[in-house]
Amino acid sequence: MNTPSQASPAPERGGRPQPLLVVRDLKKHFPVRDSGFGGPRKFVHAVDGVNFSVPKGKTLGIVGESGCGKSTTARLVARLMPADAGSLIFDGEGVAEFRGLHLKEFRRKLQMVFQDSFASLNPRLTIAETVAYGPRVHGTPAAKAMQQARELLDRVGLDAANFANRYPHELSGGQRQRVNIARALAYDPQLVILDEAVAALDKSVQAQVLNLLQELKAERGLTYLFISHDLHVVHYLSDYVMVMYLGQVIETGPVERIYGHTAHPYTRALLSAVPSMDPARRTEASPLAGDPPNPINPPSGCRFRDRCPRAHAVCADRAPELAAIHGAPEHFAACHLNDTASGHPDAGQEFSA
Amino acid sequence: MSATLPLPSPVAVSAAQPSRSYWAVVWRQLRRDPMALAAGGVLLLIIAAAVFAPWLAPADPYKASMIKRLLPIGSSGFLLGTDELGRDLLTRLMYGGRLSLLMGVVPVLAAFGIGTAIGLFAGYVGGKVNMVIMRVLDVFYAFPSVLLAVAISGALGPGLSNSLIALTLVFVPQVVRVAESVTIQVRQLDYIEAARMSGASAFSIIRVHVLGNVLGPVFVYATGLLSVSMILASGLSFLGLGVKPPEPEWGLMLNTLRSAIYSNPWVAALPGLLIFVTSIAFNLLADSVRSAMDIRR
Amino acid sequence: MFAYILKRLIYAIPIALSVTVVSFILVYLAPGDPLSAIAPADAPEEVIIALRSAYGLDQPVPVQYGLWLMRAVQGDLGLSIATGREVTSEVMRAVGNTLLLAGFAALIGVIAGCLFGALAGYRHGSWIDRIATALSVIGVSIPHYWLGLVLTILFSIWRPWFPAMGAGPGGSSEWLWDLEHFRYLVLPAVTLSVIPMGIITRTVRALVADMLGQEFVSALRARGLSGVAVFRHVAKNTAPTVLAVAGLQIGYLMGGSILVETVFAWPGTGFLLNTAIFQRDIPLLQGTILVLCMFFVVLNLLVDILQPMIDPRMGRA
């Protein structure tokens, strides 16, 4: 999947699927309200030069702690907020220049499902009205839009005869999230951004919704951008995984590489913090200590070095570049440990034990 | 297949129970609230007496009689006595409701409309436009509302329409503040983001998604203003800034009957009692509306 | 803390300035010529022109405003058109009387409101609670000018305990701190106190009920703390809000006293305002409104500054 700016010479065996979405050097800085008088304005670098691409029909999972910029990335891609820098290429077309009708059409092709199933539904509309709203905006006659809405509700497992005229508060969290999925599908989109879409659901309901998402993806050839802090769920749904830390991508690759052969201490710490389903694989390795550093003044060099068990002097001097892991064409990581020329004393040792 | 997945048991869903819209639920709650029923009943009675005064009232509200001045309550032919010009008090109280209710309700309605529009605009647009609008309105907050009402209608001069303008100007900033803060809250909700993802115009989003959710809290606030407005409106008339004599209006009647407090005190107090009853009924109804609308957003 | 106070002060400046603008502009809403109040309708042209320039009314409005503001800052609010006396001294005397009235009313309102509110909150759902709640609804719903009339009927006419009008014997408007003068204060102050009483009862009831329902109070009780200690704790935590509400209420009372002052012929700002309006005495009207609003702005400022100082939560932050 991923092709960072220094385009990798990786061979494309069997012809890789074309990317549906390519993101280049995406940046978003939020001004921080200063408390005193004067003083220089400060910025939070919420998203600080992010590159990635998502192949058609695949799922890219974005993981990281809260505040790492994954949700901001999603909102930037959805153009819910303007980016400060960077470019988006969607289905071969640059998105930044989209205005008016073009933007409206782009919006149709890219939909989003939010975490809070209640806050994402208008409490004054019945769920059928909510699902039908999008197509109506795009010119579908009211009766036809309602008919489609009912069919979609049926498809996501909500019997339209019983549910179509319900209000959101009459539904359970899982049912509401099905409505949100139906609303996204009503536009017949190509890309669906799932921003912590199952995070608020009970485990059993979560599994049902994940199954539904998998079915819909196969059925409609959807591409997902799946944002989550839950590594189990990401493992289940994703084809590729991207790990973010303080607004930057620190590791990315095919899901089995990330979960099997981690090339970054942060990812490793994240994975070890998750209690494994298999008791034999539970580790004693220390989970992440402390909170992420203040994103207003990130540490020099590698941003993870304050919390990294293997940090070394070189990590403070130079920020590691996102670079291909030797022998794994689609696997990239930003860590001096992977680069024998970096000057890190432990560099080049077999990383994943 | 999803059809084979067991659905999580629905919270309140059964095919037999029909679904209700938010306002239908509120209405049903209100009808079950004894306080709301009592307050609403009293208000209906007062409104009916005012509206149907020409048919119900026993006498002519303007017909004065020098020999029948200040008759006590229970005089023959004058159930509630007569005023300082010998006019039937019951008749004048019934007619008085027309102007008093008008003066109390119209400014709130006007402020509800104008304030919601400005507040929605300011809150949805946000940024500098919002800041400018809200800072300008802050100035009106530097005036206590009674003083502002008196000052504006004092400057404009006495009269019905000037009092209505003055009261509307007092309430608009308050309604704007509520509408603006609710709009800002609503605007941040995910369903607005979802609506923006549809590519819909700002107008469509405001109409379909914002307005319906802002209207509720603003409505609650506005119902709370009714009681204040009744007291202020009649107060302006009491000061001589509202309706002019010989029109029947409760506040003005209270003023002109003041000279009678030594000779016939309870007759003099009657118009004020009606202002009080109306105001308390509005207040209780507003409380009921607030709790009825406090149901899961 | 200092930065916060400074910020508040700086924020108050544009508000205060805008208040002067509104006070000034209000008068231009008035239809007709302000001179009509002093000049006879058949006055010769020269007299009108002379008067116009004497009152500065021949200047452009912004210039008039500037001149007026300059003089107002120095404490000169011009001469009353009706009486020819200095507006500043008239207003200041009236403000003193109104402050006295509003202060006493607020005091009664706060004491009664805290008492009722605390009782109601402490015995949440009991008959005391119901009575206190009813009282607070009445307090905010009652037209106080009517209440004044009823109290006059009851305690001045039916049982002649208190005088019905004025601020002192023989219609004197000079306040003295003696029993005789005090009797004149009772009815208007009680009348005016129902507004803050209703609001403070409501506030305290909600605060106390909320506080007693919280876990830390149960924890205090579980640790065996006496009722007094729990009460002290509750009082400490409700005080900032009550103070803020009470402070704002004094401001509202200063503005709201106009109706009660009219009922009791109390020689305060409301009375003055009434006179100014009906005699179309523009300088007096402007001056009174300006001074009242400045009091209100300053009170708001004080509340804003004081509240965090006595709020235990802010202290820890």
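The values are calculated or read from the model by the stated rules, or taken from the named source; none is laboratory data. It should be emphasised that the depicted structure is a prediction, and the values quoted were computed from it without experimental measurement. Cβ coordinates were reconstructed from backbone atoms using ideal geometry, including for glycine residues, and neighbour counts include every protein chain displayed. Accessible surface is based on the protein model in full, side chains and every heavy atom, while ligands, DNA and RNA are left aside. Shrake-Rupley method; radii C 1.70, N 1.55, O 1.52, S 1.80 Å.
Inspection of the range C:141-150 finds no residue satisfying the criterion of being on the phi > 0 side of the Ramachandran plot and outside any helix (DSSP H, G or I). Could you list all residues from the range C:83-123 that are among the hydrophobic types (A, V, I, L, M, F, W, C) and farther than 20 Å from C:Trp266 by Cα? If the condition is that a residue be among the hydrophobic types (A, V, I, L, M, F, W, C) and farther than 20 Å from C:Trp266 by Cα, then C:Val110, C:Ile111, C:Ala112, C:Cys114, C:Leu115, C:Phe116, C:Ala118, C:Leu119, C:Ala120 are the ones that fit.
Quick one: would you say B:Ser198 is open to solvent by less than 10 Å² (accessible area, probe 1.4 Å), facing another protein chain (nearest Cβ under 9 Å) and farther than 30 Å from C:Ser257 by Cα?
Numbers: open to solvent by less than 10 Å² (accessible area, probe 1.4 Å): yes; facing another protein chain (nearest Cβ under 9 Å): yes; farther than 30 Å from C:Ser257 by Cα: yes.
When the stated conditions are applied, B:Ser198 passes them.
Residue pairs whose Cβ atoms lie under 9 Å apart, separated by 6 or more positions or on different chains, with the first residue in the range A:239-260 and within 16 Å of A:Asn51 (Cβ to Cβ) and the second part of a loop (DSSP other than H, G, I, E, B) and of a type in the set (Phe, Trp, Tyr), are A:Tyr245/A:Phe304; A:Leu246/A:Phe304; A:Ile250/A:Phe304. Given the conditions (1) more than 30 Å from C:Val204 (Cβ to Cβ); (2) in a helix (DSSP H, G or I), report the number of the one that C:Ala120 does not fulfil. Single failed check for C:Ala120: (1).
Look at (1) part of a helix (DSSP H, G or I); (2) open to solvent by 50 Å² or more (accessible area, probe 1.4 Å) and you find that C:Glu90 fails only one, number (2). Residues that are part of a helix (DSSP H, G or I), at pLDDT 80 or above and under 28 Å from B:Ala142 (Cα atoms) occur in the range C:24-40; there is at least one.
Among the residues making up the range C:154-186, a single one is at pLDDT 80 or above, under 19 Å from C:Ala94 (Cβ atoms) and either in contact with a His (Cβ under 8 Å, 6 or more places away or on another chain) or among the hydrophobic types (A, V, I, L, M, F, W, C) (or both): C:Leu185.
List the helices (runs of 4 or more DSSP H) that sit entirely inside the range A:85-167 and contain at least 3 residues that are more than 8 Å from chain B (Cβ to nearest Cβ) and in contact (Cβ under 8 Å) with a residue 40 or more places away in the chain. Outline the logic, then answer.
On the way: elements: A:100-109, A:127-137, A:142-155, A:160-163.
Because the criterion is at least 3 residues that are more than 8 Å from chain B (Cβ to nearest Cβ) and in contact (Cβ under 8 Å) with a residue 40 or more places away in the chain, the helices (runs of 4 or more DSSP H) in the range A:85-167 that meet it are A:127-137.
Got a sec? Which helices (runs of 4 or more DSSP H) wholly within the range B:57-172 have at least 2 residues that are crowded, with 22+ Cβ neighbours inside 10 Å?
Values: elements: B:89-125, B:127-141, B:145-156.
Passing ranges, in order: B:89-125, B:145-156.
Going residue by residue through the range A:278-294, is there one that turns out to be modelled with pLDDT of 80 or more, crowded, with 18+ Cβ neighbours inside 10 Å and either basic (Lys, Arg) or in a loop (DSSP other than H, G, I, E, B) (or both)? Within the range A:278-294, not a single residue is modelled with pLDDT of 80 or more, crowded, with 18+ Cβ neighbours inside 10 Å and either basic (Lys, Arg) or in a loop (DSSP other than H, G, I, E, B) (or both).
Can B:Phe219 be described as open to solvent by 10 Å² or more (accessible area, probe 1.4 Å), in contact with a helix residue (DSSP H, G or I) (Cβ under 8 Å, 6 or more places away or on another chain) and more than 9 Å from every other protein chain (Cβ to nearest Cβ)? Reasoning before the result, please.
Details: open to solvent by 10 Å² or more (accessible area, probe 1.4 Å): yes; in contact with a helix residue (DSSP H, G or I) (Cβ under 8 Å, 6 or more places away or on another chain): yes; more than 9 Å from every other protein chain (Cβ to nearest Cβ): yes.
Spelling it out, B:Phe219 is indeed open to solvent by 10 Å² or more (accessible area, probe 1.4 Å), in contact with a helix residue (DSSP H, G or I) (Cβ under 8 Å, 6 or more places away or on another chain) and more than 9 Å from every other protein chain (Cβ to nearest Cβ).
Every condition in (1) of a type outside the set (D, E, K, R); (2) at pLDDT below 85; (3) in a strand (DSSP E or B); (4) open to solvent by less than 20 Å² (accessible area, probe 1.4 Å) is met by A:Val54 except one, and the failing one is (2). Inside the range B:255-297, can you point out the residues that are of a type in the set (Gly, Ala, Ser), in contact (Cβ under 8 Å) with a residue 24 or more places away in the chain, within 11 Å of chain C (Cβ to nearest Cβ) and more than 18 Å from B:Leu232 (Cα to Cα)? Answer for the range B:255-297, where residues must be of a type in the set (Gly, Ala, Ser), in contact (Cβ under 8 Å) with a residue 24 or more places away in the chain, within 11 Å of chain C (Cβ to nearest Cβ) and more than 18 Å from B:Leu232 (Cα to Cα): B:Ala260, B:Ser263. Filtering the range C:133-143 to residues that are more than 7 Å from every other protein chain (Cβ to nearest Cβ) and surrounded by 24 or more Cβ atoms within 10 Å (Cβ to Cβ) leaves C:Ser136, C:Gly139.
So in the range A:175-194, with the set limited to residues that are facing chain B (nearest Cβ under 10 Å) and surrounded by fewer than 22 Cβ atoms within 10 Å (Cβ to Cβ), which one is nearest to the chain's Cα centre (by Cα)? Lay out the reasoning, then the answer.
Taking the range A:175-194 first, the residues facing chain B (nearest Cβ under 10 Å) are A:175, A:178, A:180, A:183-184, A:186-187, A:189, A:193.
If we keep only those that are surrounded by fewer than 22 Cβ atoms within 10 Å (Cβ to Cβ) too, we end up with A:187, A:189.
Working: A:Tyr187: 21, A:Pro189: 17 Å.
Here the answer is A:Pro189.
Among the residues of the range C:62-87, write down those that are in contact with a helix residue (DSSP H, G or I) (Cβ under 7 Å, 6 or more places away or on another chain), surrounded by fewer than 19 Cβ atoms within 10 Å (Cβ to Cβ) and in a helix (DSSP H, G or I). Result: C:Tyr65, C:Leu69. Open to solvent by 50 Å² or more (accessible area, probe 1.4 Å), closer than 24 Å to C:Asn274 by Cα and either hydrophobic (A, V, I, L, M, F, W, C) or part of a helix (DSSP H, G or I) (or both): is that true of C:Ser53 in this structure? The answer is no for C:Ser53.
Counting only residues that are surrounded by 14 or more Cβ atoms within 10 Å (Cβ to Cβ) and either touching a strand residue (DSSP E or B) at 6+ places or on another chain (Cβ under 6 Å) or aromatic (Phe, Trp, Tyr) (or both), give me the helices (runs of 4 or more DSSP H) lying completely in the range C:152-271 with at least 1 of them. Hits in the range C:152-271: C:179-213, C:227-264. Within the set C:Val21, C:Val73, the sole residue that is at pLDDT 75 or above and within 26 Å of B:Val170 (Cα to Cα) turns out to be C:Val21.
Considering each residue of the range A:202-220 in turn, none proves to be assigned to a helix (DSSP H, G or I) and more than 14 Å from chain B (Cβ to nearest Cβ).
Here C:Gly256 meets each of (1) at pLDDT 80 or above; (2) touching a Gly at 6+ places or on another chain (Cβ under 9 Å); (3) of a type outside the set (A, V, I, L, M, F, W, C) with one exception, condition (1). Of all the numbered requirements in (1) within 12 Å of another protein chain (Cβ to nearest Cβ); (2) part of a helix (DSSP H, G or I); (3) in contact (Cβ under 8 Å) with a residue 12 or more places away in the chain, B:Leu241 misses one, and that requirement is (2).
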